[in-house]
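Structure record follows, encoded as structure tokens.
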Amino acid sequence: MAAVVLPLASTPTQAAIPVVEFVKVYYDSPGSDRGGNTSLNGEYAVIRNTTKKSIQLEKWILRDVTGYKYRFPRFTLKPGKSVTVRTGQGTDSTTTLYWGRKWYVWNNTGDAAGLYRGSDLKKIDTCSWGRGDISTLCR
Ligand SMILES: [Ca+2]
């Protein structure tokens, strides 16, 4: 029986590109965290549709480590397009959605954002950071 030669190092498996990925989480809004809607909206996450098809985000979940959740409204994310989810209140548009919170959600000292699909709450992508840069580019 011939010996089986194993490779010394296996090629790292390239993680599949999620269908919707975090582009950025701007977790530390400008200035000190004194509250106020403008400051809250200075905090945001950007996600992008990496596919060539429109994706309906209704009931998808965006959440932090603590467990605060944003449930997406009926919203079509077109192929290659991004949408920004701001923490505070505002009127949703084709490019920006508003969580509607009264206080910050993304911790400046470290946190993680998770994105879950609506149909089965499968985790689609995550983006984490520690204390440091003013913004986190997730890709
Ligand atoms: Ca923050």
On the basis of being out of contact with any His (no Cβ under 8 Å at 6 or more places or on another chain) and assigned to a loop (DSSP other than H, G, I, E, B), does Ser119 make the cut? yes
Which pairs do you get when a residue that is outside any loop (DSSP other than H, G, I, E, B), found in segment 99-114, comes within reach of a residue that is of a type in the set (A, V, I, L, M, F, W, C) and open to solvent by 20 Å² or more (accessible area, probe 1.4 Å), reach meaning Cβ atoms under 6 angstrom, with the pair 6+ apart or on two chains? Asp111/Val65; Ala112/Val65
Quick one: in segment 107-134, which of the residues that are small (Gly, Ala, Ser) and away from the ligand (no atom under 11 Å from the Cβ) is most open to solvent (accessible area, probe 1.4 Å)? Ser119
Could you count how many residues in segment 55-76 are open to solvent by less than 70 Å² (accessible area, probe 1.4 Å) and either within 13 Å of the ligand (Cβ to nearest atom) or not in a strand (DSSP E or B) (or both)? 7
Tally up the residues in segment 19-54 that are more than 19 Å from Gly90 (Cα to Cα) and open to solvent by less than 20 Å² (accessible area, probe 1.4 Å), please. 4
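The values are calculated or read from the model by the stated rules, or taken from the named source; none is laboratory data. Here the structure is a predicted model, which means the values were calculated and not measured. Quick reminder, even Gly has a Cβ in these numbers, built from the backbone with ideal geometry, and neighbours come from all protein chains shown. Surface areas here come from the heavy atoms of the whole protein model, side chains and all, with no ligands, DNA or RNA. Shrake-Rupley method; radii C 1.70, N 1.55, O 1.52, S 1.80 Å.
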